[in-house]
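Okay, so here's the structure we're looking at.
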Amino acid sequence: MITTILATIIALGVLVTVHEFGHYWVAKRCGVRVLRFSVGFGRALYTWKDQAGTEFCIAAIPLGGYVKMLDGRERTISEDERDEAFDQKSVGQRFAIVAAGPAINLIFIIITTTVVIIVEVNQINNGISYQLLSLNLYHDIIRYIWYQICYKPLC
């Protein structure tokens with residue numbers, strides 16, 4: 001029971017971090033100043049700042065996160081900061097920043113699933129029992145794919 005809870009918290013933490021990193025990475029590439037990158041909600045457990053002034057934060061409840069960017073709609077910004085504000089970027093750049101989180105999650109899932117399938121196929125190939133893991137449905141799918149690849153005629 002406790003293992004399941006911890007695994008869920010870790011998995012959510014990883015997914016949230018990857019998602020928020022997508023927003024962060026594209027925002028930085030588009031020249032938007034990122035004020036804060038937070039994984040989790042609630043009280044901050046650990047914070048630090050990088051050389052660009054972005055505050056990174058790990059919070060108590062890992063069920064979400066956010067990337068706070070400089071935005072002229074939230075506060076008055078000077079002329080010097082105008083070119084670094086999210087709301088001053090083109091529609092295409094803003095769309096890319098907003099879409100980057102879900103897009104990188106999709107890429108992450110494809111890569112992760114591919115790695116898991118490769119590892120499982122190698123374990124099956126080497127005769128290692130894959131019943132050691134409790135992901136029976138997932139293993140049944142892998143076994144079916146392996147059967148289709150190796151034992152079915154092509155035509």
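How large is ³J(HN,Hα), in whole Hz, for each residue of the stretch 27-40 in order, when computed from phi with the Karplus curve 6.51 cos²θ - 1.76 cosθ + 1.60 and θ = phi - 60°, using x for Gly and Pro?
Values, residue by residue: 4, 5, 5, 8, x, 8, 7, 9, 8, 8, 10, 10, 10, x Hz.
Rounded, prolate or oblate for the stretch 4-60? Axes are the square roots of the Cα gyration tensor eigenvalues, ordered a ≥ b ≥ c, and the cut-off for rounded is a/c under 1.5.
Values: a/c = 3.39, a/b = 1.61, b/c = 2.10.
Taking the square roots of the gyration eigenvalues as a ≥ b ≥ c, the stretch 4-60 is oblate.
What is the set of long-range amide H partners of Asp71 at a cut-off below 5 Å, with H atoms built 1.01 Å from backbone N?
Phe86
Going by amide H atoms built from the backbone, whose H comes under 5 Å of the H on Phe56, apart from near neighbours?
Here Phe37, Trp48, Lys49, Asp50 satisfy the definition.
Read phi for every residue in the stretch 6-12 and hand back ³J(HN,Hα) as whole Hz from Karplus 6.51 cos²θ - 1.76 cosθ + 1.60, θ = phi - 60°, with x for Gly and Pro.
Running phi through 6.51 cos²θ - 1.76 cosθ + 1.60 with θ = phi - 60° gives 5, 4, 5, 5, 5, 4, 4 Hz.
Using DSSP to define loop residues, name the trypsin sites (Lys or Arg not before Pro) in the stretch 36-82 whose beta-carbon has at most 16 other beta-carbon atoms within 10 Å.
Numbers: sites: Arg36, Arg43, Lys49, Lys68, Arg73, Arg75, Arg82; in loops: Arg73, Arg75.
For trypsin sites (Lys or Arg not before Pro) across the stretch 36-82 that sit outside H, G, I, E and B with at most 16 neighbouring Cβ atoms in 10 Å, the list reads Arg73, Arg75.
Tell me, what ³J(HN,Hα) does each residue in the stretch 90-107 have, in order and in whole Hz, if you take phi through Karplus 6.51 cos²θ - 1.76 cosθ + 1.60 with θ = phi - 60° and put x for Gly and Pro?
Whole-Hz 3J(HN,Hα) from phi for the stretch 90-107: 5, 4, x, 5, 5, 4, 4, 5, 5, 7, 5, x, x, 5, 5, 4, 4, 4.
For the stretch 11-54, what does the accessible surface come to per residue with a 1.4 Å probe? Please give it in Å².
Working: 2480 Å² over 44 residues.
The answer is 56 Å² per residue.
So if I take the centroid of the Cα atoms in the stretch 48-66 and the same for the stretch 83-112, what is the distance between those two points in Å?
If we compute the Cα centre of each part, the gap is 18 Å.
At Ala103 and Tyr66, where each label point lies 7 Å from the Cα along Cα→Cβ, what is the point-to-point distance in nanometres?
Going from the Ala103 label point to the Tyr66 one covers 2.3 nm.
Between Gly65 and residues 5 or more places away or on another chain, which pairs have amide H atoms under 5 Å apart, with H built 1.01 Å from N, and which residues are they?
For Gly65, the qualifying residues are Gly40.
Report the per residue volume, in Å³, of the convex hull enclosing the C-alpha atoms of the stretch 75-124.
Numbers: hull volume 4.6 nm³, N = 50.
So the per-residue Cα hull volume is 91 Å³.
The values are calculated or read from the model by the stated rules, or taken from the named source; none is laboratory data. All figures in this text were calculated on a predicted structure; none of them were measured in a lab. Note: ideal-geometry Cβ built from the backbone for every residue, glycine included; neighbour counts use all protein chains shown. Side chains are part of the model used for accessible areas, which takes the heavy atoms of the whole protein and leaves out ligands, DNA and RNA. Shrake-Rupley method; radii C 1.70, N 1.55, O 1.52, S 1.80 Å.
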